[in-house]
Amino acid sequence: MAAAAIGTSLLAGCASDEDSGTDAGGSDSKGKTVITVGLFGTFGFQEAGLYEEYEKLNPKVKIEQTVIERNENYYPQLLTRLGSNSGLADIQAIEVANIAEVVQTQSDKFVDLGKADGVSKDDYFPWKWEQATNPEGKTIGLGTDVGPMALCYRKDHFEAAGLPTDREEVGKLWAGDWGKYIEAGKRFQQNAPEGVAWVDSAGGVYNAVISSSAKRYYSEQGKLIYKDNPAVKEAWDLAAEAATTGLTDKEQQFTPPWDKSMNNGTFATISCPPWMLGYIQDKGGDKAKDKWDVAQAPKPGNWGGAFLGVPETSRHKEEAIKLAAWLTAPTQQAKLFAERGSFPSTPGSYKTPEVAEAKHEFFSNAPIGQIFSAAAEGVPTQVIGPKDQVIQENIVNSGLLQVDQKGVSPDKAWESATKTVDNALDE
């Protein structure tokens with residue numbers, strides 16, 4: 001499972017800086033150069049065997065990682081350490097929701113990886129490369145993964161409600177228009193199994209729709225536009241419609257009740273980037289195997305992704321640059337997908353057997369490599385602002401959650417959400 005999802009990070013094992021046994025010069029007792037990697041969530045480099053492979057290729061290098069479980073704890077620490085120029089690892093991860101702020105305010109604290117040996121801008125999606133590049137052309141991070149979105153659906157619930165179950169036919173129900181997805185939900189609810197809703201949450205609908213838009217909360221010039229952006233209004237209106245017409249299971253994503261609903265099968269669809277597949281499988285359990293399938297979303301969108309950067313304070317800058325470049329190269333990204341499900345940010349990886357031929361047994365052997373590759377190649381170049389995460393979390397939690405769970409009118413909820421956003425941005 002990939003590390004990055006707006007508003008959440010998945011569980012990971014933790015290590016502390018004191019565990020390394022490394023001397024002040026950055027070498028271990030055997031004289032090897034120790035490269036430290038600071039991560040959040042679950043990137044999977046160690047679990048997929050990539051560190052071990054790199055150490056075999058480079059016998060004088062040892063890799064030690066430190067993991068903080070959640071990005072909301074990791075990111076403030078990263079900013080504090082950048083501010084003091086101390087305590088930083090040789091390589092630091094940056095979540096996509098934070099990359100714009102880091103690029104705007106901390107570019108001088110990172111090495112320009114666009115100039116590193118073996119790194120080619122052409123290996124990455126243009127929009128992914130641009131996210132980590134400042135106006136002067138300095139690239140402070142290399143993309144580890146992306147989160148192209150599909151729609152996961154319960155075949156058994158679709159069949160019971162009289163909807164098609166073949167993934168190609170399901171995709172045609174809503175192709176090209178998120179409004180068609182809501183209309184399909186209304187058809188579903190007419191004959192839905194008892195206790196089963198069309199979608200998990202209004203917030204999930206909002207996130208899916210807005211994630212397929214190029215412009216969201218900021219203009220290309222960095223101006224806040226979320227209150228007047230038609231794309232935000234469309235996402236809000238569709239999410240509110242889902243809530244007010246009884247299409248949602250009234251959940252809040254990434255909470256214990258949401259996990260329980262996933263296990264009990266009380267909703268029929270959910271927007272799913274690649275990392276969500278493992279989450280559904282984990283929470284759904286064996287009783288849900290072969291009941292889920294994967295279809296194309298109405299429009300290509302992206303939810304998730306991260307970057308690796310090398311701070312200027314790195315004790316072993318050249319070795320850290322080499323490792324960051326190697327970990328994010330197309331070959332390694334394909335291996336990471338095969339082992340852990342992180343979807344590559346390098347289109348060249350999509351031609352490898354690990355990606356092109358990938359199927360997911362739990363999801364009715366859906367050809368996920370093909371589905372997510374097509375979605376990734378259609379993702380628009382998105383304008384990401386420094387406070388995207390703050391804005392989105394408050395729109396969902398201070399706005400749509402109130403519509404979904406408390407019956408607040410969409411107009412009043414929007415007013416409340418925008419006030420909360422403005423207050424958060426003024427802090």
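The values are calculated or read from the model by the stated rules, or taken from the named source; none is laboratory data. Predicted model only: the values in this text are computed from it and were never measured. Cβ coordinates were reconstructed from backbone atoms using ideal geometry, including for glycine residues, and neighbour counts include every protein chain displayed.
With respect to the conditions (1) at positive phi; (2) not assigned by TED's automatic domain parsing to the domain that holds residue 349, residue 137 falls short on a single one, namely (2). Among the residues that make up the range 54-69, is at least one of them touching a Cys at 6+ places or on another chain (Cβ under 8 Å), surrounded by fewer than 23 Cβ atoms within 10 Å (Cβ to Cβ) and of a type in the set (Asp, Glu)? So far as the range 54-69 goes, yes, one or more of its residues are touching a Cys at 6+ places or on another chain (Cβ under 8 Å), surrounded by fewer than 23 Cβ atoms within 10 Å (Cβ to Cβ) and of a type in the set (Asp, Glu). For residue 349, the criteria (1) touching a Gly at 6+ places or on another chain (Cβ under 8 Å); (2) in a helix (DSSP H, G or I); (3) over 30 Å from residue 82 (Cα atoms) hold in every case but one, which is (1).
Scan the range 242-296 for residues that are within 22 Å of the chain's Cα centre (by Cα), under 16 Å from residue 152 (Cα atoms) and buried (at least 16 other Cβ atoms within 10 Å of the Cβ) and report the count. Residues meeting the conditions: 26. Across the range 197-233, the number of residues qualifying as within 23 Å of the chain's Cα centre (by Cα), surrounded by fewer than 17 Cβ atoms within 10 Å (Cβ to Cβ) and of a type outside the set (S, T, N, Q) comes to 5.
Residues in the range 69-95 that are under 20 Å from the mean Cα position of the chain (by Cα), in contact (Cβ under 8 Å) with a residue 40 or more places away in the chain and over 12 Å from residue 37 (Cβ atoms): 69, 70, 71, 72, 74, 78, 94, 95.
Looking across the range 406-422, the residues that are assigned to a helix (DSSP H, G or I) and among the hydroxyl-bearing types (Ser, Thr, Tyr) come down to 416, 418, 420.
If you check 379, 403 for being in contact with a Pro (Cβ under 9 Å, 6 or more places away or on another chain), in a helix (DSSP H, G or I) and surrounded by 19 or more Cβ atoms within 10 Å (Cβ to Cβ), only one passes: 403. Among the residues here, residue 166 does not qualify as among the charged types (D, E, K, R) and surrounded by 23 or more Cβ atoms within 10 Å (Cβ to Cβ). Would you check which residues across the range 233-270 are within 17 Å of residue 184 (Cβ to Cβ) and touching a strand residue (DSSP E or B) at 6+ places or on another chain (Cβ under 6 Å) and list them? Scanning the range 233-270 gives 242, 247, 248, 249, 267, 268, 269, 270.
Of the residues examined, residue 163 is not one that is more than 22 Å from the chain's Cα centre (by Cα), assigned to a helix (DSSP H, G or I) and not small (Gly, Ala, Ser). Every condition in (1) under 24 Å from residue 377 (Cβ atoms); (2) in the same structural domain as residue 274 (by TED's automatic domain parsing); (3) surrounded by fewer than 20 Cβ atoms within 10 Å (Cβ to Cβ) is met by residue 194 except one, and the failing one is (1). Kindly evaluate residue 138 against the criterion of being surrounded by fewer than 22 Cβ atoms within 10 Å (Cβ to Cβ), closer than 22 Å to residue 295 by Cα and more than 23 Å from the chain's Cα centre (by Cα). Against the criterion (surrounded by fewer than 22 Cβ atoms within 10 Å (Cβ to Cβ), closer than 22 Å to residue 295 by Cα and more than 23 Å from the chain's Cα centre (by Cα)), residue 138 does not qualify.
If you go through the range 330-370 and pick out every residue that is among the charged types (D, E, K, R) and either crowded, with 18+ Cβ neighbours inside 10 Å or touching a Pro at 6+ places or on another chain (Cβ under 6 Å) (or both), you end up with 4. Are any residues in the range 83-109 outside any helix (DSSP H, G or I), farther than 18 Å from residue 43 by Cβ and out of contact with any helix residue (DSSP H, G or I) (no Cβ under 6 Å at 6 or more places or on another chain), and if so, which ones? Hits for the range 83-109 are 85, 86.
One residue alone among 374, 324, 320 is in the same structural domain as residue 250 (by TED's automatic domain parsing) and in contact with a strand residue (DSSP E or B) (Cβ under 9 Å, 6 or more places away or on another chain), and that residue is 374.
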